[in-house]
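Data first, discussion second: the structure below is written as structure tokens.
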Amino acid sequence: MKVVLTIAMFALLGLPLEAASAQPRAVAFEVSGCGGWAAFANDTIERNSELNWFRGFVSGRDFTANSKRSSVRVVSDATIVGSVDAFCRDHPDQNMLHAALNLASQLP
């Protein structure tokens, strides 16, 4: 038990002080903007890459929002594309993270 507590203490000491009190932030790697989404409309490889990111982000957010969820909700590619297209049309200066948060907030 002392070993576990010692390891936990060293792990916590390794964190910057602001990390303990900071608000949680979303992590997103190379998130493109709405302009990029529109530019990839006919690029199947790039569009699929964006869709994979969306699936992962929205799924992760959905599961962390309700850890007691007992079923999985499936969101189709058509739903994702429609949601992102509408979001980007209304908010061209935003990025995919904002579009994903918008989609996740609209899920039942």
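Residue-wise test of (1) open to solvent by 60 Å² or more (accessible area, probe 1.4 Å); (2) aliphatic (A, V, I, L, M); (3) touching a Lys or Arg at 6+ places or on another chain (Cβ under 7 Å).
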{"residue": "Ala38", "(1), (2), (3)": "yes, yes, no"}
{"residue": "Asn42", "(1), (2), (3)": "yes, no, no"}
{"residue": "Ile45", "(1), (2), (3)": "yes, yes, no"}
{"residue": "Trp53", "(1), (2), (3)": "yes, no, no"}
{"residue": "Phe57", "(1), (2), (3)": "no, no, no"}
{"residue": "Gly60", "(1), (2), (3)": "no, no, no"}
{"residue": "Asn66", "(1), (2), (3)": "yes, no, no"}
{"residue": "Arg73", "(1), (2), (3)": "yes, no, no"}
{"residue": "Ala78", "(1), (2), (3)": "yes, yes, no"}
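For Phe54, the conditions (1) under 12 Å from Trp37 (Cβ atoms); (2) over 11 Å from the mean Cα position of the chain (by Cα) are fulfilled apart from (2). The residue pairs whose first member lies in region 49-64 and is free of Cβ contacts under 8 Å to residues at least 24 places away in the same chain, whose second member is open to solvent by 40 Å² or more (accessible area, probe 1.4 Å) and of a type outside the set (S, T, N, Q), and whose beta carbons are closer than 7 Å, counting only pairs six or more residues apart or on different chains, are Phe63/Arg69. Residues that are open to solvent by less than 60 Å² (accessible area, probe 1.4 Å) and out of contact with any Ser or Thr (no Cβ under 6 Å at 6 or more places or on another chain) within region 86-108 comprise Ala86, Phe87, Cys88, Gln94, Asn95, Leu97, Ala99, Ala100, Asn102, Ala104, Leu107, listed in sequence order. Of all residues in region 80-108, those being free of Cβ contacts under 8 Å to residues at least 60 places away in the same chain and over 16 Å from the mean Cα position of the chain (by Cα) number 9. Name the single residue, out of those in region 76-108 being within 22 Å of Gly36 (Cα to Cα) and part of a loop (DSSP other than H, G, I, E, B), that is modelled with the lowest pLDDT. Across region 76-108, the extreme among qualifying residues is Ser76.
The values are calculated or read from the model by the stated rules, or taken from the named source; none is laboratory data. Because the structure is a prediction, the values reported are computed rather than measured. Neighbour counts are summed over all protein chains in view; Cβ atoms, including those assigned to glycine, are modelled from backbone coordinates with ideal geometry. These area figures cover heavy atoms from the full protein model, side chains too; ligands, DNA and RNA do not enter into them. Shrake-Rupley method; radii C 1.70, N 1.55, O 1.52, S 1.80 Å.
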